Each structure stands twice: as C-alpha cells, then as structure tokens.
Amino acid sequence: MARIAVITAPNIGYRNTGMLTVDLAFAGLCRRMDVQTDTVWYTLHPPETVPLRACARDTAFPFRFRPLTEHLDVLRGHDAVVFWGDFLHTRHYLAQDATNRLLDFGLARDRDAARTLLHRALLLADQPDELLDRTLSYGGTVLHNTQSDYEDKEYGSLFSRLMTRSHRVWMRDPLSAAKIAQLRADRTTDHFGADAALLCHPGDLGRLPTTSWSEEVPRGGAIGVFLGARTPVPAWLPGFCQGLSERLGAPLEWLPWFDRDIPSRAAHIPTRPGDHTIGDLLHILSRYRLVVTDTYHLCVNAWGAGTPVMCVGAPEPRPRTDDDYLTLSQVKKHVFHMTYDAADFYVSTLPGTREDREDRADRLVRLVEGGGADAVARRIRGHADRSGIAFTEALTALLGTGR
C-alpha cells in the first residue's frame with residue numbers, strides 16, 4: 001500500500017468551512033484512485049489545538065491530523081509528499097500568519113526560531129533532493145510573491161529549490177502558474193490547477209451528516225448572504241441586496257459560513273432556526289438561487305456547486321504592518337472571478353452612482369436568469385475536472401514507480 005504524506009493549511013477548531021472542503025477533496029480523491037493508499041495527514045496546528053466549533057463536533061471526518069513540526073523526520077518514509085492548497089509556500093505567510101501562530105502556541109521561542117522551523121516544515125529545507133523528486137504541490141498560490149521576497153537569500157533559495165525540484169506543481173491561479181512556469185523554465189507543462197476545494201465531488205460532501213436545517217428552501221429559491229468577515233459592509237450594499245431579492249423573487253437569508261456575529265448592516269436578514277451541521281452549510285449551497293459574500297472559499301464552493309455568486313470586494317490597500325495579512329487580501333477573490341470570465345459577478349465596495357448600481361443589478365439578474373451564470377459555473381467545473389484528472393494521473397504514476 002502506497003504511503004502519502006499530505007500537508008495542508010491549519011484549520012484550527014474547523015472554524016473555516018471553506019478550508020475544510022479543501023481537505024475533504026483530497027480524501028475523496030484518494031478514495032477514487034486506482035492505487036490503494038495510506039494517507040497520513042499533517043498540518044502546523046491540528047484542529048483540536050482549540051475547541052472545535054459546535055457544528056463540527058462529533059463529525060466523523062475522513063482524516064486525523066498530526067502536528068507537522070513534530071514529524072519532520074518521518075516525511076522521507078512516505079512514497080509521496082503532497083502539499084495541498086493555500087499560501088503554504090509564500091514568504092508573507094511564513095513571516096505573518098504562520099510565525100505568529102507558532103509564537104501564540106508556544107512552539108517557537110522567537111521569530112528567528114519560528115522562521116527556521118517553518119523553512120524545515122513547509123520548504124523542506126533539510127530534506128534530501130530525492131524526497132523533493134517525489135513531492136507534488138496542488139492548489140497553492142504565490143500571488144503576492146515579489147522580487148523583494150526572493151532577495152531574502154534563505155527564503156529565495158529554498159523556495160526556488162522546492163519549486164524546481166518538485167515532481168509537479170499546480171497553482172490555483174494563472175498568475176501564480178505563470179510564475180512557476182518561469183521559475184521551472186518549463187513553458188509546455190500546465191501549471192494552472194484549480195482551487196483544491198473545487199476537486200470535491202458531491203459524494204465527498206454527501207458523507208457529512210445533514211439535518212432538516214438545509215432541506216427547506218422557499219419556492220423559487222433563496223439568496224444566501226454572508227458578509228462582513230473579509231470586507232467592511234458599505235452603507236449602500238444592504239439596499240442593493242434587497243433590490244436583487246425583489247428582482248429575482250427570492251428572499252435573503254443569513255448563511256452562517258463562519259461562527260460570528262451578523263454585522264449591524266445585515267441585521268435585518270433573517271436566519272434559519274435550529275442548529276446546523278458543517279454538512280448543512282455545504283449541502284445548502286446548491287439549493288440557493290444566488291450567494292452574496294465577501295469570503296473567498298464561499299465563492300469557490302458556491303460556484304463549484306453550480307450556484308452563482310455576487311462577490312463583494314474592497315479596493316486593495318497597501319499592507320502597513322505585519323498584522324495586515326496578505327492571505328486575507330481582496331486580490332485572490334478578484335483574480336478568481338477574472339480567471340473564469342466572471343468579473344460581472346465581482347462588485348466593488350466603491351459606491352459609484354445610483355445609476356451604476358442599477359445597471360449592475362440589472363446585469364446580474366440577466367446573467368442569473370438568462371444562463372450566463374450557468375456558463376461561468378460550467379467553465380469553472382470543466383477546468384477543475386480536467387485538472388483533477390491530471391493531478392490524479394501524476395500522483396498515481398509517481399506512486400507506481402516505487403522507490
């Protein structure tokens with residue numbers, strides 16, 4: 001049986017619903033492979049590092065994470081290492097989110113020690129070349145990497161070594177893919193993969209328990225709304241959403257994608273009564289007429305379920321401090337929609353004029369009702385399916401070569 005070490009971004013407490021779908025996608029992919037596999041799951045901080053969110057408790061997930069930094073010496077004992085999704089290889093993630101978490105949880109004495117540990121864990125700094133030869137990376141992004149990052153001699157050389165020596169690399173956005181093609185001096189291989197969450201099949205999500213919470217949807221559908229987590233809600237947006245509701249004949253309802261208070265400007269949006277599971281949050285996406293959100297992975301999962309999304313994004317500020325995490329940047333949402341010719345569905349928080357907003361609402365309704373949104377969803381799904389097949393074939397072939 002082939003042994004795979006899969007390394008994913010930490011999702012402490014399973015607080016981030018979208019990141020959970022990234023992990024579920026790999027579990028489903030392994031079930032569908034022709035090769036029998038023993039998958040060992042690693043992350044910097046297992047979900048149980050903090051109490052699990054209520055809707056995730058007692059759920060039989062198809063994985064159990066081990067703390068990566070405690071198992072670095074056993075990675076080379078696996079037949080393949082897979083980095084799966086997110087910003088794991090970007091310098092800003094190592095310097096910001098990842099370092100701060102190591103310090104918060106007492107896993108490093110200072111920032112220098114955290115840097116050294118992260119380079120070992122996520123850039124495989126002290127692993128032999130032969131392990132990199134059987135390493136794959138899928139669904140990551142280096143969208144914000146710049147030349148100044150590569151001027152850091154330690155990061156620059158380690159990043160270059162990992163990206164050039166790895167067996168294959170697929171990035172989740174075309175800009176990152178172009179960077180990797182340039183770095184690997186390989187213009188013929190396709191380095192553009194989908195977001196890993198898009199490799200989730202309905203059967204993967206169907207294994208999660210659901211309740212009646214996600215079954216009842218008003219006739220004509222409803223519009224699921226989750227705002228204020230990534231982008232401040234502008235004063236004009238609630239009225240705009242209400243206008244869409246009236247045009248489409250579908251009521252607004254709050255979708256509790258994360259556990260957080262509803263922002264005051266969305267307080268009028270009703271919530272579903274009763275308790276829900278993680279499975280409910282994912283199951284209901286395909287039942288909505290439209291989703292309105294500012295959150296990247298909710299956009300990805302809704303489009304993947306065939307449901308159009310009105311994505312709200314703010315003009316991108318220049319980061320000022322180490323607390324301005326680039327992983328929460330607005331850019332990734334915009335790039336995702338532009339990649340699939342879905343920019344019509346990306347709405348800036350800049351107010352514009354009343355006439356501008358009316359034109360925007362009319363265009364969105366035409367696309368939702370006239371089939372344009374379906375065309376976008378097919379484009380996204382088609383790319384994800386092709387990319388998922390390519391990754392599975394490469395991993396299967398790698399495992400079949402032995403060591």
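The values are calculated or read from the model by the stated rules, or taken from the named source; none is laboratory data. Not measured: the values here are computed from a predicted model. Note that we place each Cβ from the backbone using ideal geometry, even for glycine, and neighbour counts take in every protein chain shown. We work out accessible area using only protein heavy atoms, side chains counted, and drop any ligands, DNA or RNA first. Shrake-Rupley method; radii C 1.70, N 1.55, O 1.52, S 1.80 Å.
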- Query: Filtering segment 272-294 down to residues that are surrounded by fewer than 24 Cβ atoms within 10 Å (Cβ to Cβ) and among the polar types (S, T, N, Q), which residue is farthest from G220 (Cα to Cα)?
  - Reply: T277
- Item | Count of segment 329-368 residues which are of a type in the set (A, V, I, L, M, F, W, C), over 21 Å from the mean Cα position of the chain (by Cα) and in a loop (DSSP other than H, G, I, E, B) | 1
- Message: Need pairs with beta-carbon distance below 7 Å; first residue among the charged types (D, E, K, R) and within segment 150-161, second open to solvent by 60 Å² or more (accessible area, probe 1.4 Å); sequence gap 6+ or separate chains.
- Response: D152/R91
- Query: Does any residue in segment 244-270 that is in contact (Cβ under 8 Å) with a residue 60 or more places away in the chain come within less than 9 Å, Cβ to Cβ, of a residue that is of a type in the set (D, E) and open to solvent by 90 Å² or more (accessible area, probe 1.4 Å) six or more places away or on a different chain, and which pairs are these?
  - Reply: R247/E369; L248/E369
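Could you grab me the full set of residues in segment 215-233 that are of a type in the set (G, A, S) and either touching a Phe, Trp or Tyr at 6+ places or on another chain (Cβ under 8 Å) or modelled with pLDDT under 95 (or both)?
Taking segment 215-233 as the starting set, the residues that turn out to be of a type in the set (G, A, S) are 220-222, 224, 228-229.
Passing the criteria: G220, G221, A222, G224, A229.
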- What number of residues within segment 180-221 satisfy the criterion of being among the hydroxyl-bearing types (S, T, Y), out of contact with any Gly (no Cβ under 6 Å at 6 or more places or on another chain) and assigned to a loop (DSSP other than H, G, I, E, B)? 3
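Identify all residues within segment 131-148 that are without any contact (Cβ under 8 Å) to a residue 60 or more places away in the chain and not small (G, A, S); write none if there are none.
Within segment 131-148, the subset without any contact (Cβ under 8 Å) to a residue 60 or more places away in the chain is 131-133, 135, 137, 140, 142, 145-148.
Passing the criteria: L131, L132, D133, T135, V142, N145, T146, Q147.
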- Meets criteria (assigned to a loop (DSSP other than H, G, I, E, B), under 29 Å from R219 (Cα atoms), open to solvent by less than 40 Å² (accessible area, probe 1.4 Å) and of a type in the set (A, V, I, L, M)) for I269: yes
- Query: Among the residues of segment 371-393, which ones are of a type outside the set (D, E, K, R) and without any contact (Cβ under 8 Å) to a residue 24 or more places away in the chain?
  - Reply: G371, A375, G382, I389
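Go through the residues of segment 24-33 one by one and say whether even a single one is within 17 Å of the chain's Cα centre (by Cα), surrounded by fewer than 19 Cβ atoms within 10 Å (Cβ to Cβ) and not basic (K, R).
Of the residues in segment 24-33, the ones within 17 Å of the chain's Cα centre (by Cα) are 24-29.
Filter once more, keeping what is surrounded by fewer than 19 Cβ atoms within 10 Å (Cβ to Cβ): 27.
After this cut, where a residue has to be not basic (K, R) as well, the list is 27.
Yes: segment 24-33 contains one or more residues that are within 17 Å of the chain's Cα centre (by Cα), surrounded by fewer than 19 Cβ atoms within 10 Å (Cβ to Cβ) and not basic (K, R).
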- Message: Whether any residue in segment 250-262 is over 30 Å from T59 (Cβ atoms), modelled with pLDDT of 95 or more, over 26 Å from the mean Cα position of the chain (by Cα) and surrounded by 13 or more Cβ atoms within 10 Å (Cβ to Cβ) is what I want to check.
- Response: no
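Against the definition (modelled with pLDDT of 95 or more and under 30 Å from A305 (Cβ atoms)), how does D112 come out, yes or no? Don't jump to the end; show me each part of the working.
Details: modelled with pLDDT of 95 or more: yes; under 30 Å from A305 (Cβ atoms): no.
So D112 does not fit the description; no.
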